[in-house]
Amino acid sequence: MQQDFWLERWQKGETGFHQEQLNPYLAHFYGDKGAPLEKRQALKVFVPLCGKSVDMLWLAQNGYQVLGNECSEIAVKAFFETHDLEYQIIKEPLFNRYVSAAKQAQASIEIVQGDFFDLVTDDLKGVTDIYDRASMIALPDAMRIDYFKKMVELQAEGMRTLLITLTYPQQEMSGPPFSVTEEELNKLYSEKFKIDKLLGKDILADEPRFQQRGLSALYETAYKLTRQ
Ligand SMILES: C[S@@+](CC[C@H](N)C(=O)[O-])C[C@H]1O[C@@H](n2cnc3c(N)ncnc32)[C@H](O)[C@@H]1O
């Protein structure tokens with residue numbers, strides 16, 4: 001699932017993964033259960049492979065600083081333009097950094113447009129939290145190993161990730177999204193991260209498009225990963 005695959009999907013408008021509604025896990029863990037409002041300005045949430053997710057706007061409007069990363073220029077521009085957010089573009093050697101005018105959202109939103117695998121620790125300066133919805137599961141198994149290695153490299157001790165995965169019989173459907181099992185997560189992450197399983201549910205009945213693609217089971221699980 002190289003970048004070209006995704007750039008083409010954005011060009012063709014094939015973005016069935018995009019959700020117009022706020023993600024309920026995010027609302028729960030960063031809303032009611034999140035830090036008190038006055039402490040959120042000190043928290044910076046990194047959203048890897050962010051697409052044009054409305055969750056970034058919600059995070060900013062709810063007091064968090066937001067740093068996204070996305071390879072598609074179409075996606076990044078669509079995010080700022082859909083929400084009427086003014087932005088400036090700072091050109092860097094490997095990335096185009098889109099920066100919102102902070103006064104428009106309660107906190108700032110920056111999206112680094114370019115390849116996730118080119119990010120270095122310095123790019124994540126100030127990041128305390130990571131929100132991964134449809135990012136890890138967007139990648140086939142070999143690329144998930146590279147994703148894991150990059151996450152190890154990028155994260156300082158104590159950084160927390162809210163990770164949302166899907167698990168289904170992989171032989172019933174070719175991804176994306178790909179199935180990520182608890183076993184895989186434990187195998188890859190348990191040495192470097194503390195893994196807490198937060199919530200999980202069977203969502204097949206709510207997902208007719210995956211039923212049509214032949215799935216007989218589909219579980220969604222939210223985890224908290226803490227870098228050790
Ligand atoms: C399944 S979508 C999920 C988007 C978003 N997380 C959401 O919840 O809507 C995966 C996104 O990752 C982006 N992407 C894929 N590979 C990437 C890479 N190597 N670097 C940066 N972005 C990438 C794609 O363009 C796409 O927007």
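Readers should treat all values here as calculations from the given coordinates under stated rules, not as data from a laboratory. Note that the coordinates shown come from a computational prediction; the quantities given were computed from them, not determined experimentally. Note: ideal-geometry Cβ built from the backbone for every residue, glycine included; neighbour counts use all protein chains shown.
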### Query
Under a point spin-label approximation (7 Å from Cα along Cα-to-Cβ), what is the residue 186-residue 150 distance to one decimal in nm?
2.8 nm
### Summary
Interchain or sequence-distant (5+) residues whose placed amide H lies within less than 5 Å of the amide H of residue 67 are 45, 46, 47, 110
### Inverse of mean 1/r across different Cα pairs in segment 1-101, Kirkwood, Å
14.6 Å
### Query
Taking a quarter of the surface of the Cα convex hull of segment 131-185, what do you get in nm²?
3.9 nm²
### Query
Between residue 219 and residue 84, what is the label-to-label distance in nm when each label sits 7 Å out along the Cα-to-Cβ direction?
4.4 nm
### Query
Using the beta-carbon distance between residue 8 and residue 141 and R0 = 25 Å, what value does 1/(1 + (r/R0)^6) give for FRET efficiency, to the nearest 0.05?
0.70
#### Entry: Whole-percent pair-distance distribution, where bins are 10 Å wide, for the alpha carbons of segment 147-228
17, 45, 26, 11, 0
### At R0 = 35 Å, FRET efficiency that the Cβ-Cβ distance of residue 171 and residue 101 yields, to 0.05
0.15
### Task
For segment 63-199, just run the numbers: alpha carbon Rg, then divide by 2.2 N^0.38 Å, N being how many residues it has.
1.14
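Which whole-number percent is the relative contact order of the chain (Cα, under 8 Å, 6+ apart)? Walk me through the numbers before you get to the answer.
Numbers: 411 pairs, mean separation 37.5, N = 228.
Worked out over the chain, it gives 16 percent.
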### Query
Taking a threshold of 30 Å on the Cα-Cα distance, which of the pairs 39/192; 44/77; 12/125; 33/150 fall above it?
12/125
### Query
Using a Förster distance of 35 Å, how high is the FRET efficiency between residue 205 and residue 94, based on the Cβ-Cβ distance and rounded to 0.05?
0.20
